[in-house]
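Student: For reference, the structure I am asking about is given below.
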Amino acid sequence: MSTATDFDLSIYMGGVRSEIDAKLEQLLPPVDQRPSILHDAMRYSVFSGGKRIRPILCIAAWQACQDGNTPADVPIPGHVSAAACAIELLHTYTLVHDDLPCMDDDDTRRGKPTAHIAFGEANALLSGDALLTLAFEITAGADMAADAGQGFATVELARAAGSTGVVGGQVVDLAAAGKSVTREDVDFIHLNKTAKLFQAATTIGARLAGAQGSTLDALMTYGEKLGLAFQVVDDVLDDLQDQREHPEQASDPSLSCLSVMDMDEARSYAARLTADAIAALAGLDENARRPLIAIVERMEKRDI
């Protein structure tokens, strides 16, 4: 049985999101600072309506290591919120680049024109580069110096973003376009392009709290399983949306879990991953782990 049934996730996430947004406002260069168009493009993508799931997970993982305190009662230190913001900046960079004509070539995201439509392809590309660079500036900067985990945050972000993470997953994703894919292909793409950044978020939060051993392993496993479940549900929702918007056309599940399993199998797989994520937290304090359990349960059930 879930331990999160009496936990108000909306209030929790809203409060943490407000703190993250305020910190992002401080960390991003102002639009009136030259070059204005670059800073405008960076802010446009960061403040485009994202739910801040990854930075919230970072903070929730940090809070889960705070000796059983109710999460809302634990103030979030500046270096923890800074690390969470760095994760969001890196995630936003991946979206900006993913939308480019040479990648997925998307014109809209979250109901708004994508960065390359709003600012031009070159400015969008460079704004993504700047967001990625700023993420590492933050994890290596003064805000983080107060904590012994400073280097861990930088290394975890680099691993999640590089050739064995998001970039590697994107390469395999692009190479597989228009081809028949295997379960191994889809699992590789989902793990690297999505799950590793979720795992980095929970790992960074845990390590900034000083977690070691079984506690650190639990939060790393939780992050990976949540990330995989998140992507499976995304694939299902994308397919259902295509069916609603284009009922006359056959769905194209290319590079989706639905290219290697049917809808019922995908839903069952998401449920198993969710259960695995929750089970990984069994050794943590019941009160402190409630936000993490509520988040993974919400991710699985969203709009299916």
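Student: What residue, of Leu95, Leu89, Leu38, is under 23 Å from Ala209 (Cβ atoms) and modelled with pLDDT of 95 or more?
Tutor: Leu89
Residue by residue, here is whether (1) buried (at least 24 other Cβ atoms within 10 Å of the Cβ); (2) farther than 26 Å from Ala175 by Cβ; (3) among the aromatic types (Phe, Trp, Tyr) holds:
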position	(1), (2), (3)
Asp67	no, yes, no
Val74	no, yes, no
Ala83	yes, yes, no
Glu88	yes, yes, no
Thr108	no, no, no
Ala115	yes, no, no
Phe119	no, yes, yes
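Student: Only one of (1) touching a residue at least 12 places away in the same chain (Cβ under 8 Å); (2) within 28 Å of Ala218 (Cα to Cα) is not met by Pro75, so which one is it?
Tutor: Of everything listed in (1) touching a residue at least 12 places away in the same chain (Cβ under 8 Å); (2) within 28 Å of Ala218 (Cα to Cα), Pro75 misses just condition (1).
Student: Which members of the range 209-220 meet the condition of being among the hydroxyl-bearing types (Ser, Thr, Tyr) and either closer than 19 Å to Ser81 by Cα or surrounded by fewer than 18 Cβ atoms within 10 Å (Cβ to Cβ) (or both)?
Tutor: Ser214
Student: Here is a further query. Scan the range 44-73 residue by residue and report those that are at pLDDT below 90 and in a loop (DSSP other than H, G, I, E, B).
Tutor: Selection gives Gln66, Asp67, Gly68, Asn69, Thr70.
Student: Can you name the condition, by its number, that Gly78 falls short on among (1) modelled with pLDDT of 95 or more; (2) more than 24 Å from Leu174 (Cβ to Cβ)?
Tutor: Gly78 satisfies every listed condition except (1).
Student: Among the numbered conditions (1) under 21 Å from Tyr222 (Cβ atoms); (2) in contact (Cβ under 8 Å) with a residue 24 or more places away in the chain, tell me where Leu95 comes up short.
Tutor: Evaluating Leu95 over (1) under 21 Å from Tyr222 (Cβ atoms); (2) in contact (Cβ under 8 Å) with a residue 24 or more places away in the chain leaves (1) as the failure.
Student: Follow-up. Name the single residue that is farthest from Met220 (Cα to Cα) among those in the range 22-60 being among the charged types (D, E, K, R) and touching an Asp or Glu at 6+ places or on another chain (Cβ under 8 Å).
Tutor: Going residue by residue through the range 22-60, those that are among the charged types (D, E, K, R) are 23, 25, 32, 34, 40, 43, 51-52, 54.
After this cut, where a residue has to be touching an Asp or Glu at 6+ places or on another chain (Cβ under 8 Å) as well, the list is 52, 54.
Details: Arg52: 19, Arg54: 13 Å.
Of everything passing the filter in the range 22-60, Arg52 is farthest from Met220 (Cα to Cα).
Student: Among the residues of the range 256-273, are any within 24 Å of Lys193 (Cβ to Cβ), polar (S, T, N, Q), within 20 Å of the chain's Cα centre (by Cα) and part of a helix (DSSP H, G or I)?
Tutor: No, every residue in the range 256-273 fails to be within 24 Å of Lys193 (Cβ to Cβ), polar (S, T, N, Q), within 20 Å of the chain's Cα centre (by Cα) and part of a helix (DSSP H, G or I).
Student: For the range 91-102, give me each residue that is part of a loop (DSSP other than H, G, I, E, B) and under 25 Å from Leu57 (Cβ atoms). Give the steps one after another, and end with the answer.
Tutor: To start, the set of residues in the range 91-102 that are part of a loop (DSSP other than H, G, I, E, B) comprises 99-102.
Result: Asp99, single match.
The values are calculated or read from the model by the stated rules, or taken from the named source; none is laboratory data. Here the structure is a predicted model, which is why all the values come from computation and not from measurement. A quick note on method: Cβ atoms are made from the backbone with ideal geometry, for glycine too, and the neighbour counts reach across all protein chains shown.
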